[in-house]
Each structure stands twice: as C-alpha cells, then as structure tokens.
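Presented below is the structure to which this report refers.
The values are calculated or read from the model by the stated rules, or taken from the named source; none is laboratory data. These figures come from a predicted structure and were not determined experimentally. Cβ placement follows ideal geometry from the backbone for every residue including glycine, while neighbour counts extend to all protein chains displayed.
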Amino acid sequence: MADQTFERVPHLADRLRGAVDVEGKVARALEALGPLAGRDVVLLDGAGAPFLPLVKTTGAEPLVVEIETPLRIPVADASLDAVVTLWAGFRGVDPDDLAEVDRVLRPGGRLLVVHDYGRDDVSLLRDPETPEYRLWSRREGPFLRGPGFRIRVVHCFWTFTSLDETREILAELFGDRGEAVGARLKRPRLSWNVAVYHRLRGGEAPPA
C-alpha cells in the first residue's frame, strides 16, 4: 500500500480502492486505539492526503500535515490527542521524529502508525525483502525493540466481485506476480494483514 502501486493504472484505481478493506477494519482499529472521534488529531500524510477519507470515517476531522524530513508538526506543545500516519510516515523509527510527536501530544496522547504486516496474500505481490514484511514486525525490529511501541494486527481483505475480476486486476497491476497470486485463489479476495504500531506519549506503559 505504501507506494500506491495501482495509481500507475488509473482506470483500475477506483476498482481497487473499492475492494480494499470493505469492512472498515483499519478505521475501527484506529478508533479503538485512539480514540479519534471528536479529538484533536493530526494526520501525517503524503501529497494530496490520500488517506484523509479513511481517517475521517472514524469521526475525526484531523489537521493534515504533509510529511517532511525532519518531521515538523506546526501546532503548540501538548495540544493533540493523537498523531496518525498510514503507510507513508515512520518508515522505521527516528528518535527525532518521536521527540517531535511527544512534543505535540498531551499526556495520554497516542501515536498510531499503520503499515502492512505481511504473512498474507497481498505480500506475495511485492518484493519479499520489503522491510514491512521482515524486520519491522519482529521483536528486534525498529518498532518493537524498546521505544514503547505495541502492535495490533488487523486481519483484512481485498474483496472483489468475481475471480475473473480479481485475476484481471492483479495481472494488470502486478504482472507475473499478480498472475501467480490470482491463479492460486479460490475466492475473489486476498488476505491482507495490517499492523497498527501504537505508542503512548513518551513511550509510557498503557494503563492496566
């Protein structure tokens, strides 16, 4: 999801968007871990804020901040309840970025970082060396080795109307890998595991 591969084939973009997580599990996980609805929230996103509609389904009306290096969030200290980023931000963990997030969060505020988790059908469409699928989700990886992050894995799907449609889209978007994944499917959907790495301000332990 991070590279928005389907944008290379515009006539399929809406069809794939409509197939991704039709049950809304990612948004529900964000709200459960936040919560976000009615709170002061910043969304760290790429140009055009492609993930703003997803976050708004939680009931939040976030301020969108485009990701930059070094990370700068143009709000006052201790003014936010949550900072959220989906696939684009925190590609690994930079201590300076964490410090900036801690600066803007209130006590008890939470950072929510969404990435693919792997061990699913969707991961077979991408390079197996992609860090999301190898190091990031391990205990020794950048998120779980000590900066206060925990992980929730959300089991989602890309769901299509038929096997023929699924195979057509996968082949056109992902070439040989897409054809191989499509050929092994028995139902018109792909398993898709999503990791929500979540951390309280300052890396504090969550309340018992």
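Quick rundown of the values:
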{"read-out": "Subset of segment 26-71 (residues that are part of a loop (DSSP other than H, G, I, E, B) and under 15 Å from His198 (Cα atoms))", "value": "Gly34, Pro35, Leu36"}
{"read-out": "Selection status of Glu129, assigned to a helix (DSSP H, G or I) and surrounded by fewer than 20 Cβ atoms within 10 Å (Cβ to Cβ)", "value": "no"}
{"read-out": "Restricting segment 164-202 to residues that are in a helix (DSSP H, G or I) and touching a Phe, Trp or Tyr at 6+ places or on another chain (Cβ under 8 Å), the residue that is nearest to Tyr117 (Cα to Cα)", "value": "Val181"}
{"read-out": "Enumeration of residues in segment 132-147 that are among the small types (Gly, Ala, Ser) and buried (at least 19 other Cβ atoms within 10 Å of the Cβ)", "value": "Ser137"}
{"read-out": "Arg103 being part of a helix (DSSP H, G or I), basic (Lys, Arg) and without any contact (Cβ under 8 Å) to a residue 40 or more places away in the chain", "value": "yes"}
{"read-out": "Filter result for the condition that a residue is modelled with pLDDT under 95 and buried (at least 20 other Cβ atoms within 10 Å of the Cβ), over Gly89, Gly109, Gly18", "value": "Gly89"}
